[in-house]
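The block underneath contains the structure these notes are about, expressed in structure tokens.
The values are calculated or read from the model by the stated rules, or taken from the named source; none is laboratory data. This one's a predicted model, so the numbers in the text were calculated from it and none came from an experiment. Backbone-built Cβ (ideal geometry, glycine too); neighbour counts: all protein chains shown.
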Amino acid sequence: MRRLSEEDLLWKRLERYGKSGRYPFHMPGHKRCNHPFTEEFPNPYGIDITEIDGFDNLHHPEGILKESMDWAAEVYGSDRTYYLINGSSCGILSAICGVSNYSDKIIISRNCHKSVYHGIILNNLKTVYSYPQIIDKMWITGGISAKDVEKTLKNNQDACAVLVVSPTYDGIVSDIRGIAEKVHQRGIPLIVDEAHGAHFSFDRGERKRLFPMSALDCGADVVIQSLHKTLPSFTQTAVLHVRKGYVDIERLEWYLQVYQSSSPSYLLLSGIERCIFEMNERGKEYYQGFEERLRRLREGLTNMKCLELLGENIIGSYGVYDIDCSKIVVSCRKSVLSGEALGKILRDKYGLEMEMCGADYVVAITTFLDTEEGLCSLRNAFLEIDEWLIQKNKRREKSSCTEFWPGRRAEIAMTLAEARKGRWERLKIKNCAGRISSEFIYLYPPGIPIIAPGERIDQDLIGQICRYKEMGFPIQGMEDHKAEYLKVCDMGSGNQSDHNRSKDDED
Ligand SMILES: Cc1ncc(COP(=O)(O)O)c(C=O)c1O
């Protein structure tokens, strides 16, 4: 057995990393910073208890947790708000299972997070996709329009619910009010994965809004928000809000019990409550200062020549209803740099860690806990890199289509669950053209399937996966961690155990 030295222990590594001076432009939203809010919190061991007398039970709340969640519902203006300690993922699973019966049909936007697809598999749902448009100059996904949803609903009158992601990982917001109207005309619920928009709810006060309105205020029936992504809250903390009318609340609550731990952490629960309390009390003040810092950052980045900031000029096209200006999305599509290379320069030369590096862009998450100094170093780093690219004349001759998946409409040959659970064989990826995938393939982050089980694989997709591999991207979802072999559906006859096999198909 390998001996683990004390210095190798995870908490030691984390502590060392915390002192390394690397600046986090990623989640969690508290940014590990020195702020009275983070400093006042007690020693985690001292407040880590279980469901002892007087401290209620998250799965059967009757005391302080019930009171706390009822108070939170008032803060948010929902009919019910639930604290989630297994991230938005468990809220998404519960929402999907809570609004559907086994084998129902659901309409979802194709750019959903993998947790949505997992929920669909759990309830064996048939999926119909609403495809976001592609913002081609940056090659990121745009929004879903109310018109698109209306059309999809018209062709699928038996759908039990609609689920869209807004904002996306890149901060793109769809017209939730318009979509909710269309969905409600059919008498079914709208679920919004607002994992990246928890901060929208606290943009209050008389001044012009800094952030878009929360989906809850735009008429969505179930809204799931990760507090940990953009607010000062511990990783894994999230909330789920429900409005009465189109959702069976008791049924949804049952699924929350299924998908949440039976030993919910009081550390996380108290962190959730404290975050909501703080934002409700002082959010307005925090956002005022943040608005100014964010404005300076974004203005400083508007005139880059080789790099390009995703800005408000995109609103109104590509289905984009609004953008989350706290997401700093910088495209390097006009330069010779890949997103990975840009992220590496930012990390190695400037000590700035991004949230995500795509093929052609990087994403930095900013929150009101970012310091002026931190935001200035981000701006200066981008400007210096842009200048270097100009001087070296490092523009891309012709923009190649390196990003790929979002607009792709693969043939859906069977449901996700059928493809996941049926017979399969494992083939080298290069030999999978024409076959139906039995596995997911996604880059993590952002965890949006490039291919989902049940979709037919084509040569373009294979080429793209190979390019991602060459570029060293984090390809996940397949059992083969080296991403060389893929499980595809075996359509032959015979019994399952005979067919579930790896084929050594060298050619
Ligand atoms: C769009 C989206 N939805 C849901 C999730 C899941 O959230 P959580 O990590 O809080 O479970 C993620 C995670 O990154 C996400 O990007």
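Points worth noting:
- Among residues of the stretch 221-235 that are within 17 Å of residue 324 (Cα to Cα) and in the same structural domain as residue 272 (by TED's automatic domain parsing), those with a Cβ under 6 angstrom from a residue that is among the hydroxyl-bearing types (Ser, Thr, Tyr) and within 11 Å of the ligand (Cβ to nearest atom), sequence gap 6+ or separate chain, pair up as 224/88; 226/88; 227/233; 227/237; 228/235; 228/237.
- Residue 333 touching an Asp or Glu at 6+ places or on another chain (Cβ under 8 Å), among the basic types (Lys, Arg), within 30 Å of residue 188 (Cβ to Cβ) and surrounded by 15 or more Cβ atoms within 10 Å (Cβ to Cβ): no
- Complete set of residues in the stretch 122-142 that are β-branched (Val, Ile, Thr), modelled with pLDDT under 95 and away from the ligand (no atom under 16 Å from the Cβ): 134, 135
- Residue 207 basic (Lys, Arg) and more than 16 Å from residue 81 (Cβ to Cβ): yes
- When the stretch 29-48 is filtered for residues that are surrounded by 11 or more Cβ atoms within 10 Å (Cβ to Cβ) and not in a helix (DSSP H, G or I), the ones remaining, listed by number, are 29, 30, 31, 32, 33, 35, 41, 48.
- For the criterion of being within 16 Å of the ligand (Cβ to nearest atom) and part of a helix (DSSP H, G or I), residue 119 passes.
- Residue ID - nearest to the ligand (Cβ to nearest atom), chosen from residues in the stretch 143-173 that are buried (at least 24 other Cβ atoms within 10 Å of the Cβ) and part of a strand (DSSP E or B): 165
- Positions within the stretch 206-242 being part of a loop (DSSP other than H, G, I, E, B), at pLDDT 95 or above and among the charged types (D, E, K, R), in sequence order: 221
- Taken together, the residues in the stretch 420-452 that are more than 14 Å from the ligand (Cβ to nearest atom) and part of a strand (DSSP E or B) amount to 10.
- Where a residue in the stretch 84-101 is within 12 Å of the ligand (Cβ to nearest atom) and its partner, wherever it lies, is charged (D, E, K, R), with Cβ under 8 Å and at least six apart: 88/193; 92/193
- Residues located in the stretch 344-375, provided they are of a type outside the set (Asp, Glu) and either at positive phi or in a helix (DSSP H, G or I) (or both): 344, 345, 346, 347, 351, 374, 375
- Put simply, of 407, 358, 343 the only residue that is modelled with pLDDT under 95, surrounded by 16 or more Cβ atoms within 10 Å (Cβ to Cβ) and closer than 29 Å to residue 232 by Cβ is 358.
- Residue check, residue 303 assigned by TED's automatic domain parsing to the domain that holds residue 385 and over 25 Å from the mean Cα position of the chain (by Cα): yes
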